[in-house]
Structure formats: structure tokens, C-alpha cells
Amino acid sequence: MTFPPRATITGTGSHLPEEVLTNARLEQMVDTSDEWILSRTGIRERRIAASDEAASDLGTRAACHALEAAGVDSRDVDVIICATITPDMPSPATACFIQHKLGADRAWAFDISAACSGFVYGMEIARSMIAAGSARRVLLIGTEVLSRIVDYRDRSTCILFGDGAGAVVMEPARDPRYGVLASRMYADGSGWEMINVPGGGSRTPASERSVRERMHFFRMQGRNLFKFVVRVMPDMVRELLAESDRSIDDIRIIIPHQVNYRIFKAAAERLGIPTDRIFMNLDRVGNTTAASVPIALDEVVRDRRLDPGDFVLFLGFGAGLTWGSMLVRWGR
Ligand code: ACO
């Protein structure tokens, strides 16, 4: 092992609720059409959690799959990090519920709130802890029950979001050629108004007014966010490639936060790559915020689209505004 140790992903897992919310069903709820949703976003359906399921329930299932894939016993996990904007409750952390359900007695546990960048931010925290020697086995989960904060009267947002969870185990790489090669994280709080849930925090606690004014649901400036992502996505890719002395042709697959087919098409054009080098499953799962990157990664791994030695690029962007990228050479 090299020093400082290089972190790598040793197991992936995901869990999607059974209930499917199709565009046809949304047509009965708001003034929209399957044709509009498909052509503007690329989304056909999303999954919706059962009414008795919370973020920790989905997250625990995804975590079990990831631990199994990594061959790691829950009692050997050092830290559990949960990225979510739909925690089971404001306090305690959803990571603590997951820790308890897994019986991960030795692990300390906390949540991070970075919306759609939450998972990539979490990978950077895990990488730093492993490099610092303060943790050997990090269980990182992205889990969301966004259907609880989506306004099903607002056609501009309710068509986008779905529920689900994904997880990875990160450990020091046995082979120093593998693991995280480069990463870059960003935030710009001046863009907070582009997407937020205004009610329920210390600025506007829950009240009759906050409920009446639907302040506990997502509010979004879709067009501005669209422009933001189209701009930062190719910039992040170029920056990481330059930093790690790689070319776009070295990258086997780009796994971005699943946001909009048209955004990915524009980014692929700007990068001069075919659109299929950017992984997409948003047609079937929609935008699952912090869960979207690990759900996508697990699908890529299960489809055997990554071999040891392949380069894979992760991209997150969303509320905050926050954005971040990570280049990983796949392998243990
Ligand atoms: N069905 C039919 N018409 C609709 C719908 C709908 N579901 N939603 C909006 N429209 C209408 C609008 O009212 C508008 O009508 P108007 O021209 O008469 O005013 C028209 O369609 C165009 O609206 P735009 O908002 O300009 O549509 P756009 O092409 O930008 O698509 C979309 C909207 C899909 C939301 C797009 O802007 C987008 O994907 N933005 C990025 C959103 C995003 O990335 N969010 C998440 C990032 S952060 C996170 O994941 C937490």
C-alpha cells in the first residue's frame, strides 16, 4: 500500500422502491403530457417509496448490498456517512438509524446535506479520511424519499424527482494504481434561490402559514439551473482531465447526477464525445438527488461495464449551489 493510502470503491449497492410513477399517471395529476416530459427531460418513470418507508429504510437496503459486494461485515465499518436532503427526521442523523439497523456497532455516523452533489461530496470526505488514516472502511450512502418534498401540484418540478438509495464501501486500495486519482469540490451560496425547500428550518419554521404557502416543497428555477449545469459539466470534466494528465478518450464512462437528457446531450457535444459515454438511467428512475450517482454506479457495475483499470468520472451538481467531480481508476 502507498502512503498516504489511496481510497478506492470496493463494493456498490442500490435499492429502488417497487411503486412506479409513470408519465401517464402524472398526466392525471397536473397539466402535462408524456410527450412534453419525455422530450424536455428524457424521463419516462420514477419510483415512489411506500408511505411507511423513510430514507433510512431505503438506505439500509442499499448499504447491505454494498457491504455484501465488498465482502465487509457491518461490524468492521469505521464510519457511516449518509448524503440526503430527505432525512427520516431533522435530528438525529439518518446515518445513525442506518448504523443501528445494520448493527454496525463500531461505526460513528453522520449526515451531509449537499443535495445532488451530496454523494460526490461524501466520496471526497471518505477519500480524505482514508488518506489521513482516520478510517479504513467507510460506508457511504445516498438515500432520498423526495416524493415527500415534491409538490404534486407543481408541474415544473413533480415530473423530475423520484425515490431510491445507493451505497458504496470505500477502503484503501491494495494496488496503488487504483482508486481516486483526482477530485474537485465547489460551492456558490449566492445561487441558493435556484433550488430550495424554504420551510421547516430555523428561518421559517413549520407553521400554519408555511404549510398553507406550500413552503415545505421544492421550489426551482428550472431554466437557470439548466444553464448552470450545461456550463459546469464540461468545465469539470476538462479540469479533472488536465489535472490528472488524461484525455477524454481515456475515460470509459462518465457517471453524472441524473438530471436531464438534453443537458447530457449538450455536454457530450461540447466535450466531443458520443452521448452514450455519459451514463443515463434517468428515463427509469428520474432525479433522485443524493442517491442518483450511486444508483447509476451500481447499475454500471451490475451490467459489467467497468473492468479493473478503467477510468470512471463522477459528477455532481445541484442545490447550494454545489458541484463536484472525482476521477477514479476502477479496481481494488
Ligand atoms: N408540462 C408541460 N408544460 C410545462 C411543464 C410540464 N411538466 N413544466 C413547465 N411547462 C411549461 C412552462 O410553463 C413553460 O410554459 P410557457 O412558455 O407558456 O411559460 C414552458 O413549459 C417552458 O418552461 P421551461 O421551464 O422554460 O422549460 P424547460 O425547457 O427549461 O424545461 C426543465 C424545464 C425540464 C425543468 C428544465 O429546465 C430542467 O431540466 N432544468 C434543470 C432542472 C434541474 O436540473 N433540477 C435539479 C438540479 S438540482 C437537484 O437535482 C436537486
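Out of ASP163, ASP78, which single residue is within 16 Å of the ligand (Cβ to nearest atom) and touching a residue at least 12 places away in the same chain (Cβ under 8 Å)?
When all the criteria are applied, what remains is ASP163.
Consider ARG231 carefully, then state whether it is basic (Lys, Arg), assigned by TED's automatic domain parsing to the domain that holds TRP323 and more than 19 Å from LEU146 (Cβ to Cβ).
Judged against the criteria, ARG231 is a match.
So which of SER56, SER14, SER39 ends up being at pLDDT 95 or above, within 17 Å of the chain's Cα centre (by Cα) and assigned to a helix (DSSP H, G or I)?
Answer to the check: SER56.
I'm told SER33 meets every condition in (1) away from the ligand (no atom under 13 Å from the Cβ); (2) more than 22 Å from the chain's Cα centre (by Cα); (3) farther than 24 Å from MET89 by Cβ except one. Can you identify the failing condition by its number?
Only one criterion in (1) away from the ligand (no atom under 13 Å from the Cβ); (2) more than 22 Å from the chain's Cα centre (by Cα); (3) farther than 24 Å from MET89 by Cβ is unmet by SER33, namely (1).
For segment 104-140, name all the residues that are of a type in the set (Val, Ile, Thr), in a helix (DSSP H, G or I) and more than 16 Å from the ligand (Cβ to nearest atom).
ILE125, ILE130
Looking at VAL138 and the list (1) crowded, with 22+ Cβ neighbours inside 10 Å; (2) in contact with a His (Cβ under 6 Å, 6 or more places away or on another chain), which single condition is not satisfied?
(2)
Could you tell me whether ASP88 is surrounded by 20 or more Cβ atoms within 10 Å (Cβ to Cβ) and acidic (Asp, Glu)?
yes
Could you run through segment 18-36 and say how many residues are in a helix (DSSP H, G or I) and surrounded by 20 or more Cβ atoms within 10 Å (Cβ to Cβ)?
Qualifying residue count for the region: 1.
Working only within segment 236-260, note down all residues that are within 16 Å of the ligand (Cβ to nearest atom) and in contact with a Lys or Arg (Cβ under 9 Å, 6 or more places away or on another chain).
MET236, ASN260
What number of residues in segment 204-226 are in a helix (DSSP H, G or I), loosely packed, with under 12 Cβ neighbours inside 10 Å and away from the ligand (no atom under 13 Å from the Cβ)?
Residues that pass the stated criteria total 3.
Which one of these is out of contact with any strand residue (DSSP E or B) (no Cβ under 6 Å at 6 or more places or on another chain) and free of Cβ contacts under 8 Å to residues at least 40 places away in the same chain: GLU18, GLU68?
The conditions single out GLU18.
The values are calculated or read from the model by the stated rules, or taken from the named source; none is laboratory data. Just so it is clear, the model here is predicted, and its values are computed rather than measured. A quick note on method: Cβ atoms are made from the backbone with ideal geometry, for glycine too, and the neighbour counts reach across all protein chains shown.
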